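The values are calculated or read from the model by the stated rules, or taken from the named source; none is laboratory data. This structure is a prediction, so every number in the text was calculated from the model and none was measured. Protein only, heavy atoms only, side chains kept; ligands, DNA and RNA dropped before computing areas. Shrake-Rupley method; radii C 1.70, N 1.55, O 1.52, S 1.80 Å.
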Amino acid sequence: PYVLNVYAVWDDGPWFCFSKLAFARTVDHGNKWIGLKEKDAGSDMPGIEDSGAPEISVASNGSIYIVWLWNNSRDVKFVKSVDGGDTFSDPVVVAKDIIPLTYPYIENTHGWDHFPGSTFRMGTYSTGCTVAGNTKVFAWADYREGIYRIYYRRSIDGGNTW
């Protein structure tokens, strides 16, 4: 139902402080950008002050999912819109107590973490995608079992259960 809409999401602060989640969309090929309902593009989403590197994905039915992981709270959270970005659900926690990729096994060069002996920067961020039907998958890096792994949670009912 929102096939020509284009969406953008970001947080409005540096990674080390509380950041508000910002959202914008265009429904007219980029001529005008708006936020929630008819608010200005980039208006903060109410009640979300822990956004960290948010990522957006859109399901085939038009539902918008925004996922983020805030290292201070160590939770993967998401919000969902079923009306083209006019409104979003309250934040839902998908996974708790993430253990970020950190020292002593991570080195830091010029402010970016990386594995020892490598130069590719990395971090503990979340990512999401939608697949067939109403299936949603979120993934993140985690050290919870004493080894660095990629974990994921899957919902087959649009984020109602995980």
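Bridging of K39 to lysines at a Cα separation below 17 Å is possible for K20, once same-chain residues fewer than 8 apart are set aside. Once C-alpha pairs closer than 8 Å and six or more residues apart are averaged by separation and normalised to the residue number of the stretch 1-99, the relative contact order reads 21 percent. Taking every protein chain into account, the 1.4 Å probe leaves Y148 with about 60 Å² of accessible area, to the nearest ten. Straight distance only, please: which aspartates and glutamates reach the Cα of K96 with their own Cα at less than 16 Å, same-chain residues fewer than 8 apart left out? Straight-line reach from K96, under 16 Å: D50, D75, D142, E145. Of the three principal axes defined by the Cα atoms of the stretch 30-78, the extents in descending order read 37, 26, 16 Å.
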